[in-house]
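Trainee: After the structure tokens below, expect a handful of questions from me.
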Amino acid sequence: MPEKQEHNYRWIALIIASIGTLPVWLDSSFNIAFPAITSAFHLDVSLMQWAVIAYVLTTASMMLGCGRLADVFGRKTVFVIGLGVVTVALALCGLAPTYGFLLFFRAIQGVAAALISASAPAIVAVAFPPGQLGRALGIMNMVGFAGQTSGPIVGGALVDRFSWRGIFLFRVPIALATMLFAIPFLRESADREHETHFDLAGAATLALSVVGFLLVLNRGRALGWFSPQVMMLAVGSTAVFCGFVFTENRAKQPIVDLSMLTPGLTLANLASLLANLAMFAVWLLVPYYIVDVLHYPATSGGTLLAPCPLGMALAAPLSGFLADRFGTRRLQAPGLAVEAVGLLLTSRLGPDASYVSVVLALILIGLGLGMFTVANMKYVMGAIARERQGVAAGLVSMMRTLGVVAGVNIAAEVFSARRAVHIAALSQTHLSAAAVTLNSFIAAFGDAFRVSTAVCLVAIVLSLIPARTAPRNTAIESHSVADPIRAS
């Protein structure tokens, strides 16, 4: 009976944790509401970027700190608090009277996203034995990717039938209901075997340095990479990060134990960052290609974006099953290779590309990234001791977020620079202005995706470098989160 109860609890924990992440993944519905929000508040389109920045900066900068909070004070506690905060934040965003209030509430929503993203995978990791963890993480990511896929579809319908406020308010019942189920059904888990305290100085310096570096990426394009403001911001962020490293080396219980950053773990996280960086050109450039080049209407054109996250959702559970059976490192490079093939095929799409060829390219990107993500996630969480699974989950989520933010800025920079070169060259020909516009877009589009393919190839190389040390899961015994043989 105890074994049956334990089995039942694992799946209850997985269901609650997976559904609890949906309010975060469903933020993909936000972009579809940009035009309605700018119209409602009479904004210039360029100001909408701050609604994204307010959310992403707080999420990325607080991810590791929230993971450590979960380890110290309890993963269930942090998860429930995150659900409570996101419930309030989404309601406030949906009722925001001015754009200024919306920005403030988006920042609160970002804090909640960090709390949930750092604690939910940790809850699953400590509940499942090593032989089943891959499948559990695969199912969890499948739910998340499915939410990401449906977000724009649901969001568009809500904006059309109600208003932009619906994209926030429809997530309130999901978060609230999950919180009410989590309180009685989830068990608390934390590091109770050692005297623990929270490294506030480390959390603060890490958060400030991440915010600074992300602002450098964002403002560098607008103000110039060598402008005084951007250079001062870069120097200041570097100084604060050095302060973080100094603090962590002296702290008894740091946010990040720097000794745990073995070569294998470091390479795995860099590969994750690059894999997500390479993919994000899809979300930035493909919508313009679909509408402006292929001339699909927004509704049917939107279905062309679905294959990428759909492929991720389909690959996630399969990757989890294979990771449990064959180990994680055998799946990371093949997954990245499939992603690279999809990116290369996308770079070759032209003005006469068929619907099927676009779908094929995008679904390969999704399948490859989905296969890589789950295997990489299991490896990273298996490389960190059980009492620090919150930090492990926070590290995985932070790498993903940093890759996304960097990918947006790099893809935009490459596309803009290369398009200017192509426009200058094509202007010397006898082509019409419309033809120059079209051909320069196609050429720059291809260049951007070739760069993304190259980035993905670098990630493959990193994933193939042998790890000299096995995952540091010595503290994880019967409920370890990685097979110490297969994970390496």
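The values are calculated or read from the model by the stated rules, or taken from the named source; none is laboratory data. All of these numbers come straight from a predicted model, not from anything done at the bench. So basically every Cβ, Gly included, is an ideal-geometry build from the backbone, and we count neighbours across all protein chains shown. These accessible areas exclude ligands, DNA and RNA; they are computed on the full protein's heavy atoms, side chains included. Shrake-Rupley method; radii C 1.70, N 1.55, O 1.52, S 1.80 Å.
Trainee: For the range 248-270, name all the residues that are of a type outside the set (D, E, K, R) and part of a helix (DSSP H, G or I).
Mentor: Answer for the range 248-270, where residues must be of a type outside the set (D, E, K, R) and part of a helix (DSSP H, G or I): ASN249, LEU258, SER259, MET260, PRO263, GLY264, LEU265, THR266, LEU267, ALA268, ASN269, LEU270.
Trainee: Which residue pairs have Cβ atoms closer than 7 Å, lie 6 or more positions apart in sequence or on different chains, and pair a first residue in the range 432-449 that is of a type in the set (Asp, Glu) with a second residue that is open to solvent by 30 Å² or more (accessible area, probe 1.4 Å) and in a helix (DSSP H, G or I)?
Mentor: Pairs found: ASP447/VAL414; ASP447/ARG418.
Trainee: Could you check the range 95-141 and list, in sequence order, the residues that are under 22 Å from VAL211 (Cα atoms) and either open to solvent by 10 Å² or more (accessible area, probe 1.4 Å) or free of Cβ contacts under 8 Å to residues at least 24 places away in the same chain (or both)?
Mentor: TYR99, GLY100, PHE101, LEU103, PHE104, PHE105, ALA107, ILE108, VAL111, LEU115, SER117
Trainee: Against the condition open to solvent by less than 50 Å² (accessible area, probe 1.4 Å) and either at pLDDT 90 or above or in contact with a Lys or Arg (Cβ under 9 Å, 6 or more places away or on another chain) (or both), how does ALA54 come out, does it pass?
Mentor: yes
Trainee: Please specify each residue of the range 243-257 satisfying the condition of being of a type outside the set (A, V, I, L, M) and open to solvent by less than 80 Å² (accessible area, probe 1.4 Å).
Mentor: Once the filter is applied, which keeps residues that are of a type outside the set (A, V, I, L, M) and open to solvent by less than 80 Å² (accessible area, probe 1.4 Å), the range 243-257 yields GLY243, PHE244, THR247, GLU248, GLN253, PRO254, ASP257.
Trainee: Could you check the range 248-261 and list, in sequence order, the residues that are in contact (Cβ under 8 Å) with a residue 12 or more places away in the chain and closer than 15 Å to VAL396 by Cα?
Mentor: Correct list: ILE255, VAL256, MET260.
Trainee: Still on this structure, I have one more. Based on this model, can you work out whether LEU457 counts as surrounded by 19 or more Cβ atoms within 10 Å (Cβ to Cβ), part of a helix (DSSP H, G or I), among the aliphatic types (A, V, I, L, M) and modelled with pLDDT of 85 or more?
Mentor: Considered against the rule, which asks whether it is surrounded by 19 or more Cβ atoms within 10 Å (Cβ to Cβ), part of a helix (DSSP H, G or I), among the aliphatic types (A, V, I, L, M) and modelled with pLDDT of 85 or more, LEU457 comes out as no.
Trainee: Same structure again: The conditions are (1) in contact (Cβ under 8 Å) with a residue 24 or more places away in the chain; (2) open to solvent by 10 Å² or more (accessible area, probe 1.4 Å); (3) closer than 23 Å to GLY147 by Cα, and PRO287 fails exactly one of them. Which is it?
Mentor: The number of the failed condition is (1).
Trainee: Name the residue, out of LEU362, LEU322, that is in contact with a helix residue (DSSP H, G or I) (Cβ under 9 Å, 6 or more places away or on another chain), open to solvent by 20 Å² or more (accessible area, probe 1.4 Å), touching a residue at least 24 places away in the same chain (Cβ under 8 Å) and in a helix (DSSP H, G or I).
Mentor: Criteria check complete, one pass: LEU322.
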